[in-house]
1. Could you give the semi-axes, largest first, of the ellipsoid that matches the stretch 108-157, computed as the square roots of 5 times the alpha carbon gyration tensor eigenvalues and rounded to whole Å?
2. I want to verify the translational diffusion coefficient of the stretch 1-49 in µm²/s; compute it with Stokes-Einstein, Rh as the Kirkwood radius over Cα pairs, at 10 °C and 1.306 mPa s.
3. What is the extension gain from Asp37 to Glu4, computed as 0.36 nm multiplied by their sequence separation minus the C-alpha to C-alpha distance, in nm to one decimal?
4. Just the number, please: carbon plus sulfur as a percent of the accessible area of the stretch 1-52, 1.4 Å probe, no ligands or DNA/RNA counted.
Amino acid sequence: MNAEGLESFREFVDSRSSALLKTAVLLCGGDQHAGEDLLQNALVRAAGKWQRIDEPEAYVRRILYRQQISRWRLKGRRREFSVAEPPEGGPQSGDTAAAAELRVVMREALDRLTARQRSVLVLRYFEDLPEADVARLLGCSIGTVRSTTHRSLARLRTLAPELAALGPADAELASRDYSPVEVRP
């Protein structure tokens, strides 16, 4: 990579890494460390082809999605559990204990979904992609996206019925960090 390409790549990473990290963490079921690993691997792959990439963000997001799909397909999925650490940032303004509790409930419910269900919800509701784009990214049909979305939301409602009672303001507080799903009764 030449000096101009290196500078362009650094600018991209500086400006877009936080948004890409949120998506990666969501794809990993709320696991911050796995999300960081996923994003780092995607950026390494993108760096190798940086000069030929027309739309860098779309390219890196596609790498994220496809790498996560590859992880699903691994037999004997290995999972590491990290030890809880204090949060890096302080409390956010307007953040209440109830909102924090709702975020925990949302994360736990998302973690209990399958990786495919979680990815469909992330792409549909967090990334706000149309069904056709989700199907293209995940390599499945639009009907599969629809049925997976339906089943995922139903399972989410079953796993966390307290989320169904949220009003719009409460849902905003519960989803502030990165929760992609607004559960409706």
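The values are calculated or read from the model by the stated rules, or taken from the named source; none is laboratory data. What you see is a predicted model, and the numbers here were worked out from it, not measured in a lab. Only protein heavy atoms, including side chains, enter the accessible area calculation; ligands, DNA and RNA are left aside. Shrake-Rupley method; radii C 1.70, N 1.55, O 1.52, S 1.80 Å.
1. Working: eigenvalues 60, 22, 16 Å².
Square roots of five times the eigenvalues give 17, 11, 9 Å.
2. Details: Rh = 11.2 Å.
So the translational diffusion coefficient is about 142 µm²/s.
3. On the way: separation 33, 0.36 × 33 = 11.88 nm, distance 2.62 nm.
Value of the extension gain: 9.3 nm.
4. On the way: 1340 of 2920 Å².
In the stretch 1-52, the share of accessible area belonging to carbon and sulfur is 46 percent.
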